[in-house]
Each structure stands twice: as structure tokens, then as C-alpha cells.
Amino acid sequence: MSKRRPFVAGNWKMNGSRAESAALLDGVKAGVSNASKAEVAVCPPFILIPLAAEKLAGSAVAWGGQNLNVNKSGAFTGEISGPMLKDFGCSYVIVGHSERRSLYGESDATVAEKYGAAQAHGLIPILCVGETLAEREGNQTEAVVARQLDAVLAKHGVASLKNAIIAYEPVWAIGTGKTATPQQAQDVHRFIRERIAKQDKGVADAVRILYGGSMKGSNAGELIGQPDIDGGLIGGASLVADEFLAICRAAD
Ligand code: 13P
């Protein structure tokens, strides 16, 4: 099985002044060349997306949103739609991040709707799945990840994964400095790929599955070296250009 093209995305979450972000975007852009094997993207907060578009236009680095509303436009105070993200040059949008699920009550059904809205508006969804510590300790990891994945597959079909990226982010590893071991991560990535393969082997072989959760320059190589880990979705370490670039190099 040929390894898929690596993908590294930075999820800045709710961080960054305009000046800090400009410097970070310049730093990332300078360190990623068109010759890089890995595809690289950053997902800044909405308000910084125009800055990302201005800084990254014509570079090897793409950009995306962290969330979207399922509607195109209208009376949805405080929300941002897929067409708006597209209008500012976004290629990607994260859907179903665990912080959206846990802090903003997004259900599997909501996440599946957002995934569909992203694709309908020409954005590639980065679909996040992952278990909490209690779920892992209760041996529920596979059941939880399967449920989160199946909600999307049931609504949009397995072929929709040709235009999507999956990110496995164990909640207990996010922002905790506690990384899944390469084997723990690989086991879940393989489980996800095998579950997809039951419906379509070609799609399963091609879809990229990223790992997220305290990934940094020093552990990225070993994680991305696993057969079913195709890159990373990076939080904290994506806020430091050198650290993020070290992960990009590890993915290369
Ligand atoms: P950390 O890299 O800060 O653990 O965050 C991971 C994450 O949630 C990326 O979406």
C-alpha cells in the first residue's frame, strides 16, 4: 500500500493578536517550500483569515476555518458560513473538533451536517473524532470513534471521504502534553481505516488520517512514521513557527 501524501494543519484555536499572527504567518510561509512533500495548512480564528489570505496567497501554505455554520447566510448572529470562508480563499474547515463537541454541544448529527455544508461549498472538511479519557478507560475508544465516523458516513456516503480529511484526536491528549504513544494512535488509525475499508477499500487506502494531541517537533516523526498516520492536526505547537516547521519537516 503506498503511503498517502502527508498533511500537516495548524489549529490556532482562539489565539493570536494581529501582529503575532502576521509574524507567525511569515515564519511558516518562509519555511514551507513548493518542493515540500507534505501539504501544509493553517486554521486561524475567523477574524485573522483575511490576514492569512493576504500573507499566504501564492505560497505553498493553504488556510482554512475552525468551524462553520451550515446555512449560507441569514439571521445567525455571530456565525460564519461556508461561502464566506470560500470567499476568503479557505480550502479547508475543521468540523467536529472535541472543543466544539464538548463546549458548544455539537452532536454527531450537527457535525455530519457541517461536514456536508463544507463540501457543498467547496471546502474540504477536516473531520475530528476521538474519545475522552473516561471513554478510553472504559474500553469505549473504538465504539466512540465508530459512532462519530458512522454519523457522517450514513448521511453522506463513503465516497464523500474522497473530499475529506479525518483527524483522530484523543481528547485526553489535547493540550495536556500527554501524547498517545505511536502504537496507541496507530491502533485507532488502523481501526478507522479498516472500518472505512468495509465500505470501500479504495477510499480507505486513499483517505488521510491525521493524529492530533500534543504533537510537537520531537514526537512527530515517530507518530507520522506509523503506517496509518498521515500527518498531524496541531494545536499549541502550531503557534510557534519553528516548532510547527519542525513537524512539517518530520512529515516530509
Ligand atoms: P494540541 O496540539 O495543543 O494538543 O491540540 C491538538 C488539537 O486540538 C488540534 O486540533
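Given Glu106, Glu79, Glu99, Glu113, which one is touching a residue at least 60 places away in the same chain (Cβ under 8 Å) and either within 18 Å of the chain's Cα centre (by Cα) or open to solvent by 60 Å² or more (accessible area, probe 1.4 Å) (or both)?
Glu99
Kindly indicate whether any position in the range 68-78 is among the charged types (D, E, K, R) and out of contact with any strand residue (DSSP E or B) (no Cβ under 7 Å at 6 or more places or on another chain).
no
Can we say Ala143 is surrounded by fewer than 15 Cβ atoms within 10 Å (Cβ to Cβ) and small (Gly, Ala, Ser)?
Here the answer is yes, as Ala143 does meet what is asked.
Do any helices (runs of 4 or more DSSP H) entirely within the range 197-252 hold 1 or more residues that are away from the ligand (no atom under 14 Å from the Cβ), within 24 Å of Ala159 (Cβ to Cβ) and not charged (D, E, K, R), and if so, which?
The qualifying helices (runs of 4 or more DSSP H) are 201-206.
Exactly one of (1) closer than 19 Å to Arg208 by Cβ; (2) within 16 Å of the ligand (Cβ to nearest atom); (3) open to solvent by less than 20 Å² (accessible area, probe 1.4 Å) is unmet by Trp63. Its number?
Every condition holds for Trp63 apart from (3).
How many residues, within the range 1-51, are farther than 20 Å from Leu161 by Cβ, within 16 Å of the ligand (Cβ to nearest atom) and of a type in the set (Val, Ile, Thr)?
Selection size over the range 1-51: 3.
Give the range 20-48 a look and list any residue that's open to solvent by less than 40 Å² (accessible area, probe 1.4 Å) and either among the small types (Gly, Ala, Ser) or farther than 18 Å from Leu233 by Cα (or both), or say none.
Ser21, Ala22, Gly27, Ser36, Ala38, Ala41, Leu48
When you look at Lys37, is it basic (Lys, Arg) and either touching a strand residue (DSSP E or B) at 6+ places or on another chain (Cβ under 6 Å) or in contact (Cβ under 8 Å) with a residue 60 or more places away in the chain (or both), yes or no?
In short, yes.
With the requirement that a residue be of a type in the set (A, V, I, L, M, F, W, C) and open to solvent by less than 10 Å² (accessible area, probe 1.4 Å), what does the range 165-187 give you?
Across the range 165-187, the qualifying residues are Ile165, Ile166, Ala167, Ala173, Ala180, Ala185.
Could you tell me whether any residue of the range 178-188 is within 11 Å of the ligand (Cβ to nearest atom), within 17 Å of the chain's Cα centre (by Cα) and touching a residue at least 24 places away in the same chain (Cβ under 8 Å)?
yes
Only residues that are assigned to a loop (DSSP other than H, G, I, E, B), away from the ligand (no atom under 15 Å from the Cβ) and over 23 Å from Lys201 (Cα atoms): list them for the range 125-176, please.
The answer is Gly138, Asn139, Gln140.
The values are calculated or read from the model by the stated rules, or taken from the named source; none is laboratory data. Not measured: the values here are computed from a predicted model. FYI the Cβ positions are ideal-geometry reconstructions off the backbone, even for glycines, and counts take in every protein chain you see. We work out accessible area using only protein heavy atoms, side chains counted, and drop any ligands, DNA or RNA first. Shrake-Rupley method; radii C 1.70, N 1.55, O 1.52, S 1.80 Å.
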